[in-house]
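The values are calculated or read from the model by the stated rules, or taken from the named source; none is laboratory data. Remember, it's a predicted structure, so these values are computed and weren't measured experimentally. Cβ sites come from the backbone with ideal geometry, for glycine too, and all protein chains shown count toward neighbours. Surface accessibility is based on the protein's heavy atoms, side chains included, excluding ligands, DNA and RNA. Shrake-Rupley method; radii C 1.70, N 1.55, O 1.52, S 1.80 Å.
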Amino acid sequence: MRRPLVAGNWKMNGSRSQATALIDGILQGISEENSIEVVICPPFVLIPLAAECLAVGNGLILGAQNLSSQSAGAYTGEVSATMLTDYGCKYAIVGHSERRALYGENDAVVAQKFGVAIENNLTPILCVGETLAQREADETEKTVNDQLDAVLQQHGIEAMVKTVVAYEPVWAIGTGRTATPQQAQAVHHFIRNKLAVGDKNVAANIRLLYGGSVKASNAADLFNESDIDGGLIGGASLDANEFIEICRAAVH
Ligand code: PEP
C-alpha cells in the first residue's frame, strides 16, 4: 500500500511573513494523523524559518527545490545536501523542468544530483516529463524513458527504493493546462511498468506523483487513477486553502 504524498513547490515566491502565514494556514488544515505525507519546498533562504515553524512536530515535512551536485567546497552560490539535512529537509526536488530548461541541467547533472541526494539520505523527487513538441511528435514515452534511464544507468534500480518520481508534462506546468487523468495515468503506468522490468517490488512500492496545474478542482480525478500516488504542486501550493483541498483529495 503506497502512502499518498503531496508536495508543494513554492518556487521563487514568498517573504518571511508570507511563508509564516502560509505554513500556519496549512497546519490548520492538516493533522499529524493524516494518512498522507505533506511536504513543502520553500526557497532555500526560507528553509530555516520553515524549519522553526515545523520544529514542534506537526505533520508537515520539509523539502528543498534543488541541491548542489557537489558535497562541499568552492562552489559559489550552491547549497549542499548536508546543509539541507541540517535543517531537517527530508526531500529534494531533482531535475525540475525549470532547472533543466532555464539552468542547463542536463541528464548527467540530474543523475549527479540524484546520487548526492541518495547518499545524504534526502529522498529525491525526480521530475520527468515531455515538452509539448515532444508530445505532439509522439515522443512522450521515449522522453520519459530516456530521463529515467539517465538515472537508472548510474544508480541502479536499488536507488529507486528511496525515490519519488514526479511526472510533470512541461506543457502543463504553470500553464493552467492540466493533463487529463487518462493522459497522466497512461504515462504513470508506463513509468511503473518500466521500473518493473528492473524490480517488480520497487515498481509496486514507488510513489509516482503527477505535477502540472493541479488545483483543488481537478486533484481528486487525477489522484483517483490507480498509478497516481499524489501530486507535485506549484502555483496552487501558495494558497493554503487550495493546497489543503488538494491534500484532502489525496486521502483514500
Ligand atoms: C511545478 O512547478 O512542479 C508545478 C507542477 O507547477 P504548477 O502546479 O504551477 O503547474
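Can you name every one of the strands (runs of 3 or more DSSP E) wholly within region 1-76 that holds 3 or more residues which are under 18 Å from LEU238 (Cα atoms) and among the β-branched types (Val, Ile, Thr)?
Values: elements: 5-9, 37-41, 60-64.
Qualifying strands (runs of 3 or more DSSP E): 37-41.
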Unmet requirement for ALA220, which otherwise passes all of (1) small (Gly, Ala, Ser); (2) more than 8 Å from the ligand (Cβ to nearest atom); (3) touching a Phe, Trp or Tyr at 6+ places or on another chain (Cβ under 9 Å): (3)
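Suppose we keep only residues that are of a type in the set (Val, Ile, Thr) and surrounded by fewer than 23 Cβ atoms within 10 Å (Cβ to Cβ) within region 78-107. Which one would you say is nearest to the ligand (Cβ to nearest atom)? Spell out the reasoning first.
First, pick out the residues of region 78-107 that are of a type in the set (Val, Ile, Thr): 79, 82, 85, 93-94.
This time we only want the ones that are surrounded by fewer than 23 Cβ atoms within 10 Å (Cβ to Cβ), so: 79, 82, 85.
Working: VAL79: 19, THR82: 25, THR85: 22 Å.
This residue is VAL79.
With the requirement that a residue be hydrophobic (A, V, I, L, M, F, W, C) and open to solvent by 30 Å² or more (accessible area, probe 1.4 Å), what does region 237-252 give you? Quick ask: steps written out before the conclusion?
Filtering region 237-252 for residues hydrophobic (A, V, I, L, M, F, W, C) gives 238, 240, 243-244, 246-247, 249-251.
Within region 237-252, LEU238, VAL251 qualify.
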So GLY198 clears everything in (1) touching a residue at least 40 places away in the same chain (Cβ under 8 Å); (2) under 17 Å from VAL94 (Cα atoms) except one condition, right? Which one? (2)
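Which of the residues spanning region 117-135 are within 24 Å of LEU60 (Cβ to Cβ) and part of a helix (DSSP H, G or I)? Please lay out each step first, then the result.
Initially, region 117-135 is screened for residues within 24 Å of LEU60 (Cβ to Cβ), giving 117-118, 120-127.
ALA117, ILE118 - these are the residues of region 117-135 that are within 24 Å of LEU60 (Cβ to Cβ) and part of a helix (DSSP H, G or I).
Can you tell which of ALA236, ALA166, ALA179, ALA186 is within 11 Å of the ligand (Cβ to nearest atom) and farther than 23 Å from ASN13 by Cβ? I'd like the intermediate steps shown before the answer.
Details: ALA236 fails: farther than 23 Å from ASN13 by Cβ; ALA166 fails: farther than 23 Å from ASN13 by Cβ; ALA186 fails: within 11 Å of the ligand (Cβ to nearest atom).
The match here is ALA179.
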Name, by its number, the condition in (1) assigned to a helix (DSSP H, G or I); (2) surrounded by fewer than 20 Cβ atoms within 10 Å (Cβ to Cβ) that does not hold for VAL144. (2)
Return a yes/no flag: does region 46-68 have any residue that is open to solvent by 60 Å² or more (accessible area, probe 1.4 Å), among the small types (Gly, Ala, Ser) and at pLDDT below 95. yes
